[in-house]
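Following: one structure in structure tokens, then a few remarks.
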Amino acid sequence: MSLHKTPSSNRLHIAIFGKRNMGKSSLINAVTGQNLAIVSEFAGTTTDPVYKAMEILPIGPVTLIDTAGIDDEGRLGKLRVEKTLTIIRKTDIALIIIDSDGLSDFDNSVIELLNKSKIPFIIVINKIDLSGNAEKTILDLKSKNYHYLEVSAKNKTNIDKLKEMIIKYSPKEFEQPGILTDLIQPGDHIVLVIPIDTGMPKGRLILPQVQVMRDILDNNAVFTACKVEELDNVLKNFVKKPKLVITDSQAFEEVSAIVPEDIDLTSFSILFARYKGDLPKLIEGVKALKNLKDNDKVLIAEACTHHQQCDDIGTVKIPRWIKQHINENIHFDFCNGRDYPANLKEYKAVIHCGGCMINRKEMLTRIDISYEQGVPIVNYGLTIAFVNGILDRAVKSFKDAFDIWIR
């Protein structure tokens, strides 16, 4: 997949933090080799996070995030700071930009949050062409065992070394396996069931479907794609049974009735629960759904914003199925996009979408936020399989998750 076509959610996210006028935007321009960010002598030029896709070899495609100064002032400045700090949720590795004066209280507050979230970071001492001796600052950084580098964004001094450090200290878990790598072998045949309904974008497929197709091809396997109405005939025409059937979660009940029991079955959403999140933890979350009582509150969270259809999966279908199959007196709240609540304690459970539009770090952070507050979290696909009574079958291919479910 080319640099420009790699989904943002699959890129390493590198966030740049620091006080105003430390040269964060200049550093982005130096690292990318382009004048992408506005540079000014006036403090506070960057007012909102700015995202830029680029490639750093051998990591590959990354997203650089330029943030507002963490010491911004005034009421509007406070909002900008809050916005900046939410970026930590999706950060894989951080760059903290300082000058020869060393770390400020603002910098230390970010470092505290990064350490709490176990996010690696590099201290970048910028403006060495202007500030002169930074020996005292370097001694302080060494005493704290921080990774650091002196650079000049303006003169592009040590920018290549900075890229090497990003590669060296980026989290190894970012290099996650493919969506299906451990489930299929070269030559296996996979059937993809893709309903064409009002929720399907006109003239194209949705991202999880495309990514699964690409992953199948990367693993030297083959796939057949069909609608639900064609599935029975497709299966009858196989000389050798397919390795796996993957369906849109909304068609789980119908597809399960068609696919023979000796063929593995799962959904795009459950695959993404594992690929983007923590499937065993999400399986634990399903158990909370069974115990919902009258007047309990459930949060339904979408990672992106989209035009809602009359029979929208998150706001209409899942609440309806919960009321029909579990308890009719459940109350639902909804959140979309980046507005994931920091306080979840009023909820008995969170039902989250597959997270295809956010990176793995942000999805894992959302799971961690929920668990830290004792609020179980589950995703759409697992919820739909559960209410249809086929969760055993839908997670059978994933031994660790299956073992948790059948305990």
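The values are calculated or read from the model by the stated rules, or taken from the named source; none is laboratory data. None of these values were measured; they are calculated from a predicted model. Reconstructed Cβ throughout: ideal geometry from the backbone, glycine too, with neighbour counts over all protein chains shown. Areas reflect the complete protein model, heavy atoms only, side chains present, ligands, DNA and RNA absent. Shrake-Rupley method; radii C 1.70, N 1.55, O 1.52, S 1.80 Å.
Highest mean packing comes first when the peptides 344-356, 157-169 are listed by Cβ atoms within 10 Å, giving 344-356, 157-169. Taking 0.36 nm per residue of separation and subtracting the current Cα-Cα distance, fully stretching the chain between F238 and D218 would add 5.0 nm. Any aspartates and glutamates with Cα under 15 Å of the K281 Cα? List them, leaving off those in the same chain fewer than 8 positions away. The reachable aspartates and glutamates, counting only those whose Cα sits under 15 Å from K281, are D368, E372, D400, D403. Note on K161: lysines with a C-alpha under 23 Å away, same-chain residues under 8 apart excluded, are K19, K24, K52, K127, K136, K142, K144, K172.
Listed by chain and number, the lysines whose alpha-carbon sits under 21 Å from that of K227, ignoring those within fewer than 8 places in the same chain, are K202, K236, K240, K241, K243, K317. Packing, taken as the mean count of other beta carbons within 10 Å per residue, orders the peptides 108-114, 270-276 from highest to lowest as 270-276, 108-114. Accessible surface ranking for K52, K154, 1.4 angstrom probe, highest first: K154, K52. Of the accessible area of the stretch 245-325, computed with a 1.4 Å probe over protein heavy atoms only, carbon and sulfur atoms account for 46 percent. Placing dummy labels 7 Å off each Cα toward the beta-carbon, the span from E254 to Q185 is 3.4 nm. Averaged over its residues, the stretch 210-281 has an accessible area of 46 Å² per residue, based on protein heavy atoms and a 1.4 Å probe.
Counting only Cβ charges, +1 for Lys and Arg and -1 for Asp and Glu, the dipole size of the stretch 332-382 around its Cα centre is about 120 debye.
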